[in-house]
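The values are calculated or read from the model by the stated rules, or taken from the named source; none is laboratory data. All figures in this text were calculated on a predicted structure; none of them were measured in a lab. Cβ placement follows ideal geometry from the backbone for every residue including glycine, while neighbour counts extend to all protein chains displayed. Quick note on the areas: whole protein, heavy atoms, side chains included, nothing else; ligands and nucleic acids left out. Shrake-Rupley method; radii C 1.70, N 1.55, O 1.52, S 1.80 Å.
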Amino acid sequence: MTLIESFEKLDYSDALESSKEAQSWLDSHGRRFGQFINGKFESKSNADLIASLNPSNGDLLANIEVASASQLNKAITAARKALPAWQAMGEHGRAKVLYALARLLQKHTRIVSVLETLDNGKPIRESRDIDIPLAIRHFYHHAGWAQIQEREFSEYKAIGVVAQIVPWNFPLLMLSWKIAPAIAMGNTLVFKPAEQTPITAMFFAHLCAQAGVPDGVINIVNGAGTTGAALAAHEGIDKVAFTGSTSVGRAIRKATAGQNKKLTLELGGKSAFVVFEDADLDAAVEGLVDSIWFNQGEVCCAGSRLLVQAQIADKLHTKLKKRMQTLRQGEPLNKSVDIGSLVSQTQYQRVDELVQNGLEHGGELYQASTTQIDGNYYPPTLITEIDSSHPLAQEEIFGPVLVSIPFRTQSEAVTLANNSRYGLAASIWSENINRAMDVAPKIKAGVVWINCHNQFDASCGFGGVRESGFGREGGKEGLYEYLKPKLLKKATKPKTLKVELKDSNENIDRTLKFYIGGKQVRPDGGHSFATYNADGSLANWVGAGNRKDIRNAVSAATKASNWSNQNGHLRAQIIYFFAENLALREDEWIKRLQEICGLTKKQAKNEFHASLSRIFSYAAWADKYDGAVHDAPYRGVTMALPEAIGVLAQIAPEENPLITTISLIAPAIAMGNRVVLIASERYASIALELVQTLETSDIPAGVVNILTGNKADLAEQLAGHAEVDGIWCWAEPEIVSQVETTSATDLKRLWVHIDGDRDWLDSRQGEGNEFLRNATEVKNIWTPYGD
Ligand code: NDP
């Protein structure tokens, strides 16, 4: 054979990573694992078992015991007991433990990578070069946050005992995303890995003692969905951090309704990969490889929807097909393999079924590989000739399946990118940075990558909007998910009227109208109710809103979307003007507060001036709450931009009606939201009396809408309304619970409270960062630079 002939026949040979060390580690534990509770391993001979299999060949890796109810209780009790000592260890004490965990994982990188590949089926190249280094990076990075917690989060404290539940696609990486920030901030936890991939969590548990993690701080329980459900709903849990499917996220939202638990949900996605005609197509093709064929496409933020500008679609498809032919699929431990095995036979069947059923609705299938490999190896797949409403373009497939849809113009690209119930991530491919930076904010997603995809780092927040969930993991923004304000003190209960109510027989219609779309309008149903002054005399009649009023108000708020695109300076000017106009009515308001709320003149003056000051605060914040640039280890910048949530429904508290109404509306509109506010029932007229001032303050029609009526009914309508993006709710426990349950349908972002949870007159409790954070969602935009 000539040299040229040999060169042409060159092929990759097998470069198998040895699994010897990993197999002997499994053997040394009798290939059986129980629970890790209070720093010890617990095994029960009669436990139900789940077989953890190597998905690439079906070999048994280990039998996993399902935690019993009493073991679950024990783990939660151990976490609760460990809390005070863990917090008493202080910032430096905790930082050292996190640092030690990072160092130990680093020391064992090779065995952990192999265990991960054996358990999940992902290529060793990826577990060795991506999953495990990133997991280590999370512990290092959060060791740093633990060290500087008191300076950076001086007004916050740990939440308490956290339940953490993760899926199977990045087992150890997800573990580190969850555990590192939680313990850094002083929480303790009970963690549940996925039933398919518990092995690296068990390995990690063995490192905990060596790293000096005190008993009970980290507990790991095994089991399937029922164990996860029991853990999330357990009364001993203060917060649930869940990553997984949207359907299970929804079930957890419902199961924890009314339990006063903080919740973060990192759910599914159908992320757009948008290629403009001016993109570097070769780079885009490599980007697609890293986007949809990374981790066999079992990635929540996989760029599974390719949107390509029509004039370059054929060219891109040709290049892509050529590249697909060179992707190597096979034995995950082979270092020269690009795509490994799906996680299980069930997942293989699920992906295949989705594809086959989807193709019945049309579409052209392209799969490069024709060789059938035994096992759960799904070939890289491209489907063209479909439109955006096709089931394969809407459903999350969670496998190596890419669908491609053409678009003509930039605005059509944005519309198509947003044509999804999900909102996790997107990437934009264009050599024109002006275009990319223009499109990025318009895409409804928590993460946008420019000319790259699937970039992650511990310093950058990750998480979605819409049915991709809420909350962030990573970055400073992610740490707030494990903190709560220190200062909250119960507010003094509002006075209940003990005087005799004097019915009015007045014939004149003095009903205060709703404020919808910049106009004062009568209630649709024609019903109203009386509100009373502190002495029992009639204050005003106010409308009793119904479903149609809610619909009109939400529609007005939706139409006012331009407000979200205004710059902070302009919003600030308008909010200052509102304060100016309110100040003109000082005497009138002081009198009203005395009459309606029964305040002394001094108290009324105090509330009025605190309200004015609060408006000024948010006018000030409007152009100053402006995000960050994260320092991720790559050649580029990641901008963390706080974006308005959209249409925000607000259920106002029952106390201090003037300052609470302002404390809700002002931060929301300062950050660019449009508001539908349901006023306090007891003091309904106060919010409506503000309307005259709002009307004269240049606030565009529809930005603020105010209704009165039965809180429970109206809150329920808002929670179920598809165009409401988020809800702030101060109400009785039953209403809060109802809002949590109803909003699970489309997973609205919630900020809920039981009435009376704070002293609104205290500016540290009633205004500031906590409100601004809840009025925004952080979008991380990754922009690499250099050629
Ligand atoms: P699931 O939602 O089925 O499972 C996730 C975890 O929740 C598992 O540990 C599972 O246990 C557990 N679980 C199942 N049912 C319940 C329940 N009723 N209550 C509490 N816990 C429960 O997701 P998959 O494992 O199928 O993972 C794939 C999904 O995860 C995809 O939709 C993907 O998009 C999403 N995902 C999202 C990410 C993100 O950051 N947004 C990242 C990675 C994945 P068990 O498996 O043991 O039955």
The residue from R764, R773 that alone is of a type outside the set (D, E) and at pLDDT below 95 is R764
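Output the residues belonging to the stretch 603-621 that are open to solvent by 10 Å² or more (accessible area, probe 1.4 Å) and either within 28 Å of D587 (Cβ to Cβ) or polar (S, T, N, Q) (or both).
Residues satisfying the conditions are Q603, K605, N606, H609, A610, L612, S613, F616, S617, A620.
Please indicate, with yes or no, whether at least one residue in the stretch 4-14 is open to solvent by less than 80 Å² (accessible area, probe 1.4 Å) and without any contact (Cβ under 8 Å) to a residue 40 or more places away in the chain.
Just the residues of the stretch 4-14 that are open to solvent by less than 80 Å² (accessible area, probe 1.4 Å), to begin with: 6.
This time we only want the ones that are without any contact (Cβ under 8 Å) to a residue 40 or more places away in the chain, so: 6.
Yes, the stretch 4-14 contains at least one residue that is open to solvent by less than 80 Å² (accessible area, probe 1.4 Å) and without any contact (Cβ under 8 Å) to a residue 40 or more places away in the chain.
Just to check your reading of the model, which residue among E740, E770 is open to solvent by 20 Å² or more (accessible area, probe 1.4 Å) and either of a type in the set (D, E) or closer than 30 Å to A619 by Cα (or both)?
It is E770.
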So, first residue closer than 22 Å to V647 by Cα and assigned to a loop (DSSP other than H, G, I, E, B) in the stretch 680-701, second residue of a type in the set (F, W, Y) and modelled with pLDDT of 95 or more, Cβ within less than 7 Å, six or more apart or across chains; the pairs are S697/F577; S697/F578; D698/F577; I699/F578; P700/W563
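How many residues does the stretch 259-298 hold that are of a type in the set (S, T, N, Q) and either more than 16 Å from the ligand (Cβ to nearest atom) or part of a strand (DSSP E or B) (or both)? It would help to see each step written out before you state the result.
Within the stretch 259-298, the subset of a type in the set (S, T, N, Q) is 259-260, 264, 271, 291, 295-296.
Pick out the ones that are also either more than 16 Å from the ligand (Cβ to nearest atom) or part of a strand (DSSP E or B) (or both) and you get 260, 264.
Residues that pass the stated criteria total 2.
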Here the residues within the stretch 302-325 that are of a type outside the set (G, A, S) and in contact (Cβ under 8 Å) with a residue 40 or more places away in the chain are R305, L306, L307, V308, Q309, L316, H317, L320, K321, M324, Q325
Selection over the stretch 193-226 where residues are surrounded by 22 or more Cβ atoms within 10 Å (Cβ to Cβ) and within 7 Å of the ligand (Cβ to nearest atom) yields a count of 4
Among residues of the stretch 615-668 being touching a strand residue (DSSP E or B) at 6+ places or on another chain (Cβ under 6 Å) and of a type in the set (V, I, T), the residue nearest to V691 (Cα to Cα) is I665
Filtering the stretch 705-733 for residues that are surrounded by fewer than 22 Cβ atoms within 10 Å (Cβ to Cβ), within 21 Å of the chain's Cα centre (by Cα) and over 19 Å from K254 (Cβ atoms) leaves a count of 1
In the stretch 227-258, residues that are open to solvent by 10 Å² or more (accessible area, probe 1.4 Å), within 14 Å of the ligand (Cβ to nearest atom), within 18 Å of G160 (Cα to Cα) and not hydrophobic (A, V, I, L, M, F, W, C) total 1
Being touching a strand residue (DSSP E or B) at 6+ places or on another chain (Cβ under 8 Å), within 23 Å of Q164 (Cα to Cα) and not small (G, A, S) narrows V66, V112 down to just V66
How many residues of the stretch 76-109 are open to solvent by 10 Å² or more (accessible area, probe 1.4 Å), hydrophobic (A, V, I, L, M, F, W, C) and within 19 Å of D129 (Cα to Cα)? The answer is 1
The correct count of residues that are under 23 Å from D725 (Cβ atoms), open to solvent by less than 80 Å² (accessible area, probe 1.4 Å) and touching a residue at least 40 places away in the same chain (Cβ under 8 Å) in the stretch 532-557 is 9
In the stretch 398-439, anything among the basic types (K, R) and more than 25 Å from T381 (Cα to Cα) is listed as R435
Within the stretch 300-339, residues being touching a His at 6+ places or on another chain (Cβ under 9 Å) and assigned to a loop (DSSP other than H, G, I, E, B) number 3
Going through the stretch 24-61 in order, the residues found to be under 20 Å from L207 (Cα atoms), in contact (Cβ under 8 Å) with a residue 60 or more places away in the chain and among the polar types (S, T, N, Q) are Q35, N38
Selection from the stretch 340-372 of residues of a type in the set (V, I, T), part of a helix (DSSP H, G or I) and touching a residue at least 24 places away in the same chain (Cβ under 8 Å) yields V351, V355
Of (1) closer than 26 Å to R674 by Cα; (2) open to solvent by 30 Å² or more (accessible area, probe 1.4 Å); (3) among the hydrophobic types (A, V, I, L, M, F, W, C), F529 satisfies every one except (1)
Query raised in the report: On the given criteria, is S271 buried (at least 22 other Cβ atoms within 10 Å of the Cβ) and either touching a residue at least 40 places away in the same chain (Cβ under 8 Å) or over 22 Å from the mean Cα position of the chain (by Cα) (or both)?
Result: yes
Quick check on the stretch 474-482. Is at least one of its residues open to solvent by less than 10 Å² (accessible area, probe 1.4 Å), modelled with pLDDT of 95 or more and within 12 Å of the ligand (Cβ to nearest atom)? yes
| message | Against the condition under 23 Å from the mean Cα position of the chain (by Cα), within 16 Å of the ligand (Cβ to nearest atom) and free of Cβ contacts under 8 Å to residues at least 24 places away in the same chain, how does V190 come out, does it pass? | response | no
Note on P485: of the conditions (1) more than 15 Å from the chain's Cα centre (by Cα); (2) surrounded by 24 or more Cβ atoms within 10 Å (Cβ to Cβ), unmet is (2)
**Message:** Is it the case, given these coordinates, that D129 is surrounded by fewer than 20 Cβ atoms within 10 Å (Cβ to Cβ), under 31 Å from the mean Cα position of the chain (by Cα) and closer than 21 Å to V343 by Cα?
**Reply:** yes
Residue pairs within 9 Å by beta carbon, gap of at least six or interchain, first lying in the stretch 376-393 and on the phi > 0 side of the Ramachandran plot, second surrounded by 19 or more Cβ atoms within 10 Å (Cβ to Cβ) and not in a loop (DSSP other than H, G, I, E, B), listed first then second, are E385/S404
Checking the structure you have, find out if any residue of the stretch 246-254 is outside any helix (DSSP H, G or I) and either without any contact (Cβ under 8 Å) to a residue 60 or more places away in the chain or among the hydrophobic types (A, V, I, L, M, F, W, C) (or both). no
By residue number, the members of the stretch 151-187 that are within 14 Å of the ligand (Cβ to nearest atom), out of contact with any strand residue (DSSP E or B) (no Cβ under 7 Å at 6 or more places or on another chain) and part of a loop (DSSP other than H, G, I, E, B) are W168, N169, F170
In the stretch 1-59, anything assigned to a helix (DSSP H, G or I) and modelled with pLDDT under 95 is listed as L3, I4, E5, S6, F7, E8
